[in-house]
Amino acid sequence: MTTRLYYYTGTGNSLWVARQLAQRLDGPAELVSLGTDYALPDAECDRIGLVFPVHVWGLPQHVRDFAGRLTAAPNRYVFALAVNAGQAAATLLDLRERLQVRGVSLQCGFELRLPSNYILWNGAQPVAQQQELFAAAQAKLDRIAPILRERLPGPVERGPWWQNILLSAVNRFAYAKMATTDKDFWTADTCNGCGVCERICPSANIRLEQGRPAWQHRCSQCLACLQWCPQEAIRHGKKTAGRQRYHQPEVSLADMLAAAHRNTPE
């Protein structure tokens with residue numbers, strides 16, 4: 001039984017989940033980053049999994065693009081895992097509807113809570129809390145894996161009704177403005193022009209100009225540039241300077257660079 005796990009990640013949480021899940025499945029599982037020039041699954045793939053973070057209570061642009069391109073044979077099993085910091089809301093329901101338009105059935109969808117990486121609101125959680133969340137996520141993956149191995153229909157998890165309505169409305173409003181939120185990024189004098197931000201951005205949204213990053217206004221707010229800056233020189237507005245950065249501790253910078261986009265869109 002072959003599986004292809006498509007993942008999108010900014011700080012490594014979803015890549016870690018994809019790796020953990022791959023260890024629990026039967027047969028080979030190929031991991032494919034949505035931040036690269038990926039190929040859609042061929043006829044030899046039995047299962048398609050999509051692992052991604054929830055952005056502002058909704059789907060990231062990369063996942064929307066993927067859902068808008070995917071086709072699947074009737075016997076192909078499709079599932080999704082939505083990584084979030086506590087409120088997945090109607091994200092998986094939205095994905096199911098987008099796939100239905102393509103004639104693809106989402107067999108099941110699960111939400112997984114992991115440490116928050118949204119430094120615009122708060123810094124990294126204490127390490128002990130992070131470890132508790134990782135352990136709980138692994139326990140849930142243990143429960144999910146048999147469903148996926150047997151290709152069984154399962155739930156498409158969602159938040160309470162009020163959350164689905166209210167937070168989905170917030171997402172629709174925020175999504176329209178997200179691409180230009182990068183106007184609030186800036187760099188402190190500690191920036192040394194290393195170029196990590198340019199190379200790690202999965203949206204190819206950063207170019208170095210005179211040794212400093214310049215954002216191109218197609219931001220998805222994954223925050224990879226800010227969280228992975230070796231000098232902690234990238235800031236957003238006035239509140240992030242003193243906040244502790246976060247990235248998944250078992251995911252390396254080399255892993256993230258390998259997962260990031262290689263070609264800059266025209």
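Using the structure shown, decide if Gln130 is touching a Pro at 6+ places or on another chain (Cβ under 7 Å) and surrounded by 14 or more Cβ atoms within 10 Å (Cβ to Cβ). Judged against the criteria, Gln130 is a match. Set side by side, the residues Leu95, Leu167 differ, and just one is surrounded by 12 or more Cβ atoms within 10 Å (Cβ to Cβ) and either under 18 Å from Ala67 (Cβ atoms) or touching a strand residue (DSSP E or B) at 6+ places or on another chain (Cβ under 6 Å) (or both), which is Leu95. Go through the range 51-73 and give me each residue that's out of contact with any helix residue (DSSP H, G or I) (no Cβ under 7 Å at 6 or more places or on another chain), more than 20 Å from Ala169 (Cβ to Cβ) and either of a type in the set (D, E, K, R) or surrounded by 16 or more Cβ atoms within 10 Å (Cβ to Cβ) (or both). His62, Asp65, Phe66, Arg69, Ala72 - these are the residues of the range 51-73 that are out of contact with any helix residue (DSSP H, G or I) (no Cβ under 7 Å at 6 or more places or on another chain), more than 20 Å from Ala169 (Cβ to Cβ) and either of a type in the set (D, E, K, R) or surrounded by 16 or more Cβ atoms within 10 Å (Cβ to Cβ) (or both).
Just the residues that are free of Cβ contacts under 8 Å to residues at least 40 places away in the same chain and not basic (Lys, Arg), please, taken from the range 65-79. Scanning the range 65-79 gives Asp65, Ala67, Gly68, Leu70, Thr71, Ala72, Ala73, Pro74, Asn75, Val78. Do any residues in the range 34-46 that are under 18 Å from Arg151 (Cα atoms) have Cβ atoms under 6 Å from those of residues that are among the hydroxyl-bearing types (Ser, Thr, Tyr), where the two are at least six apart or on different chains, and which pairs are they? Once the first residue is under 18 Å from Arg151 (Cα atoms) and sits in the range 34-46, its partners that are among the hydroxyl-bearing types (Ser, Thr, Tyr) give Cys45/Thr2; Asp46/Thr2.
Pro41 satisfies every condition listed in (1) surrounded by 22 or more Cβ atoms within 10 Å (Cβ to Cβ); (2) modelled with pLDDT under 95; (3) out of contact with any strand residue (DSSP E or B) (no Cβ under 7 Å at 6 or more places or on another chain) except (3). Total residues in the range 181-217 satisfying the condition of being under 19 Å from Gly237 (Cβ atoms) and open to solvent by 70 Å² or more (accessible area, probe 1.4 Å): the figure is 6.
Number of residues in the range 131-181 that are touching a residue at least 12 places away in the same chain (Cβ under 8 Å) and part of a loop (DSSP other than H, G, I, E, B) equals 10.
The values are calculated or read from the model by the stated rules, or taken from the named source; none is laboratory data. All of these numbers come straight from a predicted model, not from anything done at the bench. Counting neighbours? That spans all protein chains shown, and the Cβs are built from the backbone with ideal geometry, glycine included. The accessibility values were calculated without ligands, DNA or RNA, using every heavy atom of the protein model including side chains. Shrake-Rupley method; radii C 1.70, N 1.55, O 1.52, S 1.80 Å.
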